[in-house]
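Take a look at the structure below.
The values are calculated or read from the model by the stated rules, or taken from the named source; none is laboratory data. In this text the structure is predicted, and so the values were computed from the model without any measurement. Neighbour counts run over all protein chains shown; Cβ positions are idealised from the backbone, glycine included.
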Amino acid sequence: MKLENFEKEINYTFKNINLLKTAFTHTSYANENKIESNEKLEFLGDAILEFTVSNYLYNNYKNLKEGEMTKVRATVVCEESLHKIALKYHFNELLYLGKSEKLSGGSKKTAILADSVEAVIAAIFIDAGIDESQKFIIDNLKTAIEKASQNVGQKDYKTVLQENLQKHGTVKIEYVIIKEEGPDHDKTFEAEVKCNGKHLAVGKGNTKKQAEMEAARNALKEYKKEKEN
């Protein structure tokens, strides 16, 4: 994949293409060729990413409290989210990797791909300013932010289910991923929750954690129905 095609995909053309080349230059390649790596860009991109998502949440999610915004940001600004962006735009085909890193499958490593996304964010910022870099971030994380904001309280479902099921003694609660579908950058998972081997409920989500939380939420619904009857 050529850099020109990448520019078309992200809908931004660099004035200084060397910035983009540096953003894709892993330390291993930089050391072998005695050129600059993407580490400093990654450092800057991380700060821009954190600020942009914080600013977006502050301006667009007035209903969320400070602690809830922090949780949403932590869910979205993470290696997993950045890895999905890298897969979406085929970063693996654009990375400059050293010989040893290539041999060890560096183009498929989650951390390397995620770091390069932060580097690209910084490269856009240096090339065009904050507006363009923020546009790239929000275009690619808007949906994830929306989902995370809807699920901001979900972290308690598994705990609440466990508390309810263990009222009368210790039980074995387990979560199993029973289905996985969709492309790497947009997967859907289906999880099943069991208690002492007995099926309770299933749930779907864009991450394994979300699917498990949804399964727990559905199990709680069924548990409450049984109590009412």
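Do you know which of the residues in the range 142-166 that are within 14 Å of A215 (Cα to Cα) and of a type in the set (S, T, N, Q) is nearest to the chain's Cα centre (by Cα)? Among residues in the range 142-166 that are within 14 Å of A215 (Cα to Cα) and of a type in the set (S, T, N, Q), the one nearest to the chain's Cα centre (by Cα) is N151. Within the range 167-183, which residues are touching a residue at least 12 places away in the same chain (Cβ under 8 Å) and either farther than 16 Å from Q210 by Cα or assigned to a loop (DSSP other than H, G, I, E, B) (or both)? Of everything in the range 167-183, those that are touching a residue at least 12 places away in the same chain (Cβ under 8 Å) and either farther than 16 Å from Q210 by Cα or assigned to a loop (DSSP other than H, G, I, E, B) (or both) turn out to be V171, K172, I173, P183. Being under 24 Å from V76 (Cα atoms) and in the same structural domain as I138 (by TED's automatic domain parsing) holds for only one residue in K8, K62, and it is K62.
Residue-level check: of (1) over 20 Å from N11 (Cα atoms); (2) outside any loop (DSSP other than H, G, I, E, B); (3) among the hydroxyl-bearing types (S, T, Y), S116 misses just (1).
Taking the condition of a type in the set (G, A, S), surrounded by 15 or more Cβ atoms within 10 Å (Cβ to Cβ) and touching a residue at least 12 places away in the same chain (Cβ under 8 Å), does S149 pass? Yes; evaluated as a whole, the condition is true for this residue. Quick check on F136: is it within 17 Å of A201 (Cβ to Cβ), buried (at least 17 other Cβ atoms within 10 Å of the Cβ) and under 21 Å from the mean Cα position of the chain (by Cα)? No: the conditions fail for F136. Look through the range 207-221, keep the residues that are free of Cβ contacts under 8 Å to residues at least 60 places away in the same chain and farther than 14 Å from Q162 by Cα, and return whichever of them is surrounded by the most Cβ atoms within 10 Å (Cβ to Cβ). Only one residue fits best here, namely A211. The number of residues in the range 36-78 being under 19 Å from the mean Cα position of the chain (by Cα), surrounded by 13 or more Cβ atoms within 10 Å (Cβ to Cβ) and over 16 Å from Q134 (Cβ atoms) comes to 9. Can you confirm whether E190 is in a helix (DSSP H, G or I), outside the structural domain of V53 (by TED's automatic domain parsing) and more than 27 Å from T52 (Cα to Cα)? So E190 does not fit the description; no. A residue that is modelled with pLDDT of 90 or more, in the same structural domain as T70 (by TED's automatic domain parsing), of a type in the set (D, E, K, R) and part of a helix (DSSP H, G or I) can be found somewhere in the range 143-155. Is it fair to say G197 is among the small types (G, A, S), on the phi > 0 side of the Ramachandran plot and not assigned by TED's automatic domain parsing to the domain that holds L220? No: the conditions fail for G197.
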